[in-house]
1. Please state which of the following conditions Ala214 fails to meet, knowing it meets all the rest: (1) open to solvent by 30 Å² or more (accessible area, probe 1.4 Å); (2) under 19 Å from the mean Cα position of the chain (by Cα).
2. Quick check: is even one residue across the range 334-347 within 16 Å of the ligand (Cβ to nearest atom), in contact with a His (Cβ under 7 Å, 6 or more places away or on another chain) and outside the structural domain of Ala183 (by TED's automatic domain parsing)?
3. Looking only at the range 378-410, filter to residues that are at pLDDT 95 or above and of a type in the set (D, E, K, R); which one of those is farthest from the chain's Cα centre (by Cα)?
4. For a quick check of your reading: which strands (runs of 3 or more DSSP E) sit entirely within the range 144-226 and have at least 1 residues that are farther than 30 Å from Leu286 by Cα and of a type in the set (S, T, N, Q)?
5. Sort out which residues of the range 36-58 are within 10 Å of the ligand (Cβ to nearest atom), open to solvent by 40 Å² or more (accessible area, probe 1.4 Å) and part of a loop (DSSP other than H, G, I, E, B), and write them in order of number.
6. Can you go through Arg374, Arg348 and tell me which one is of a type in the set (D, E, K, R) and within 23 Å of Val133 (Cβ to Cβ)?
7. Out of all the residues in the range 306-348, which are among the acidic types (Asp, Glu) and farther than 30 Å from Gly146 by Cβ?
8. Among the residues of the range 352-380, how many are surrounded by 16 or more Cβ atoms within 10 Å (Cβ to Cβ) and either polar (S, T, N, Q) or part of a loop (DSSP other than H, G, I, E, B) (or both)?
Amino acid sequence: MPDISTVIIGAGHCGLAMSSCLAARSVDHVVLERAEVANSWRTQRWDSLRLLTPNWMTRLPGYAYRGSDPDGFMSARQVAAMLEDYAEATAAPVLAGTTVTSVRAAGDGFVVATDQGTWRASTVVVACGAAAVPAVPPLARLVPAGITSVTPAGYRNPDELPPGGVLVVGASASGVQLADELARSGREVTLAVGEHVRMPRTYRGRDILWWLDAAGVLDQRYDEVDDVVRARNVPSMQLVGSPDRTVDLNALRSGGVRLVGRLAGLQKGTAQFSGSLPNVCALADLKLGRLLDTIDAWAGGSGERFAPTAVCTAPLGLDLRSGEISAIVWATGYRPDLSWLQVPVLDRKGRVVHDGGVTGWPGLYLLGMPFLRRRKSSLIDGAAGDAADLTAHLAGHLDAQAGRRERKAS
Ligand SMILES: Cc1cc2nc3c(=O)[nH]c(=O)nc-3n(C[C@H](O)[C@H](O)[C@H](O)COP(=O)(O)OP(=O)(O)OC[C@H]3O[C@@H](n4cnc5c(N)ncnc54)[C@H](O)[C@@H]3O)c2cc1C
């Protein structure tokens, strides 16, 4: 059984960033990847997807965008190519085609079983992706037969859906982008809107992410916020990777999308929507106003304010058997798949309990989760800082372990 200081699980950008930081500290490690580098960008993204973060923001340890279009937005294929180049440039020790089937504690380390053999490791870094599996609500089971259900991970383009109207459930980044694309393709689109984060693409003549980056909003640390559990559950920003194009609810409504409240139930073939639409829109408007105030306070002066979200009377029910809707897109979020993790660090809901990526089990680390250590932890740009912090902790753990072993031997 090979013995190694660190096993990293997953060769997405997080696993590769961690590998780069460990290499800089000469920590021997391997990156186990079930498919190939950047698997999620190759297999789980729709055809037209572009990063909602500009190219200049695609930064990793030792890597910064140097192309000719810093303000552009990469396609999924370009992200995969960039990560492949990064893995090569950093000589990341990736073992592709190696699926981790279990991790359990053993002695003062771990036994990592894979479909290609077993490893013994002093430390393990779980970097297998926060968005591994679409999180579809249980009521999806009640959708009448004959209606196609898809998730953003399986959706590719409008032509793949059967002809007819589409109900998109969820108005965060994936939901608004797909509602926009489907409406532009000529579909009748109904968008079920719950809590959401309204965001203009540009503000005071610059990309909104430039402001969030420059003003330090994205660098806010997990131990600085009042309620980190809540902060970790904040929906993704309503943005699309296209300069000057805003996909907030006003823009979608002008593009013909019908807005309804959060999907609250499904009874006898009728989708029931919450009456909270005006409230969630008012809240999103209020939060956007506060964010713009923060930016203004940092920059000095003040910029434009955006028209409140216009909410018309929205239907509270939609008969899914009427033929009006042929497909439902469940843009209701994602979750990690940790079914193989046998170390007791999970809460009742199956989520890893951690303090900024350091779990309660010594030597076990987590990377790539929302607001892991910073507001930008779920973005590519967040991996460098988080991986550097966890590497420092992990190296300290290995040193302490080596010290204990030496003392025991002498
Ligand atoms: C639709 C969508 C759009 C996004 N857009 C942006 C954006 O515009 N900008 C931005 O900065 N971020 C964006 N993100 C967020 C984030 O950058 C991605 O989710 C990113 O893929 C996460 O990187 P990761 O390394 O944590 O996980 P992943 O990229 O998911 O990598 C995890 C790897 O682990 C492997 N793996 C999983 N289980 C196992 C196992 N048991 N054994 C071995 N290997 C395993 C997987 O095959 C995968 O390659 C987006 C996310 C989504 C879902």
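The values are calculated or read from the model by the stated rules, or taken from the named source; none is laboratory data. As the structure is a prediction and not an experimental result, all values here were calculated from the model. Cβ coordinates were reconstructed from backbone atoms using ideal geometry, including for glycine residues, and neighbour counts include every protein chain displayed. Surface accessibility is based on the protein's heavy atoms, side chains included, excluding ligands, DNA and RNA. Shrake-Rupley method; radii C 1.70, N 1.55, O 1.52, S 1.80 Å.
1. All conditions are met except number (2).
2. Within the range 334-347 (the criterion being within 16 Å of the ligand (Cβ to nearest atom), in contact with a His (Cβ under 7 Å, 6 or more places away or on another chain) and outside the structural domain of Ala183 (by TED's automatic domain parsing)), the answer is no, since none of the residues qualifies.
3. Asp399
4. Fully inside the range 144-226 and qualifying: 148-150.
5. Glu36, Arg45
6. None of the others qualify; the one that does is Arg348.
7. Within the range 306-348, Asp347 is the sole residue that qualifies.
8. 15
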